[in-house]
Amino acid sequence: MQQYLIIGGSSGIGQQLAKQLSENNNQVFATYNKNKPEQYNSNTEFHYLNVMEDGFSLDFLPDQLDGLVYCPGSINLRPFERIKPEDFESDYKLQVIGAIKIIQQVLPRLKKSENASIVLFSTVAVHTGLPYHTQVTASKGAIEGLTKALAAELAPKIRVNCVAPSLTNTPLAATLLNTDQKMEANALRHPLKRIGTTEDIANMASFLLSKQSGWITGQIMHVDGGMSTLKI
């Protein structure tokens, strides 16, 4: 049985990943901030955690971890001139500093595993360049750089990869997909003509945690319906 920590496992992609991993007989420790979800089965544990707080404890974790997934994020799509510098700073603290604090705390546990893997999350907008995405891409661009630098520093013991989705049907994206017209318009922007699902993204994250991806590290994996590479 592998043991995984999912930061932000109470909804969206993190919740789906927690379900998949636990149903495949892995032990999952998932954190939540606001709403504690119901426990799926005996292989899952949910614990409160706010990465923006100082001095949080991860004492609920076992001595060894086989994987870490950092899921917290935000989508604030506004014109650049309407975003205050402190908004960029707050987003960076959540998405980048939060990940750094978690990784530094669990690194000793990951080093005890024979197949340790860290999975972070970016966005297709870093690669593609989309209007009104300056706030999210400023943070996620840093995450992509962190992924590659950490992968180099922690090799060969710990693999580090990043998943870069396009628009995915999650609570975080609810305001962008809250009508049939918005769903259809956004689906048509993708070569595969549909919106991503939590299963699409969780499947990639699960693969990157597994031994099947044992020769993959330092990669930004685009799970985006073809948006980052195709124009049709």
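The values are calculated or read from the model by the stated rules, or taken from the named source; none is laboratory data. In this text, all values refer to a predicted model and were calculated from it rather than measured experimentally. A quick note on method: Cβ atoms are made from the backbone with ideal geometry, for glycine too, and the neighbour counts reach across all protein chains shown.
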Self-check item: Verdict on residue 149 being buried (at least 17 other Cβ atoms within 10 Å of the Cβ), small (Gly, Ala, Ser), closer than 24 Å to residue 88 by Cβ and modelled with pLDDT of 95 or more
Solution: no
Self-check item: Only one of 218, 141, 129 that is on the phi > 0 side of the Ramachandran plot and either at pLDDT 95 or above or touching an Asp or Glu at 6+ places or on another chain (Cβ under 7 Å) (or both)
Solution: 218
Quiz item: Which residues, taken from the range 210-232, are among the basic types (Lys, Arg) and either assigned to a loop (DSSP other than H, G, I, E, B) or in contact with a Cys (Cβ under 9 Å, 6 or more places away or on another chain) (or both)?
Solution: 231
Exercise. Taking the residues in the range 132-156 that are outside any helix (DSSP H, G or I) and touching a residue at least 24 places away in the same chain (Cβ under 8 Å) as candidates, determine which candidate is farthest from residue 109 (Cα to Cα).
Key: 132
Quiz prompt | Residue identified as out of contact with any Pro (no Cβ under 9 Å at 6 or more places or on another chain), at pLDDT below 95, among the small types (Gly, Ala, Ser) and under 17 Å from residue 170 (Cα atoms) among 9, 73 | solution = 73
Practice problem: Output the number of residues of the range 160-193 satisfying the condition of being over 15 Å from the mean Cα position of the chain (by Cα) and not aliphatic (A, V, I, L, M). | Solution: 12
Quiz item: Is one or more of the residues making up the range 53-67 modelled with pLDDT of 95 or more and under 21 Å from residue 172 (Cβ atoms)?
Solution: no
Self-check item: Hits in the range 184-209 - residues which are assigned to a loop (DSSP other than H, G, I, E, B) and either in contact (Cβ under 8 Å) with a residue 60 or more places away in the chain or surrounded by fewer than 17 Cβ atoms within 10 Å (Cβ to Cβ) (or both)
Solution: 189, 191, 192, 193, 194, 197
Quiz item: Which residue, of 169, 178, 203, 186, is out of contact with any helix residue (DSSP H, G or I) (no Cβ under 8 Å at 6 or more places or on another chain) and of a type in the set (S, T, N, Q)?
Solution: 178
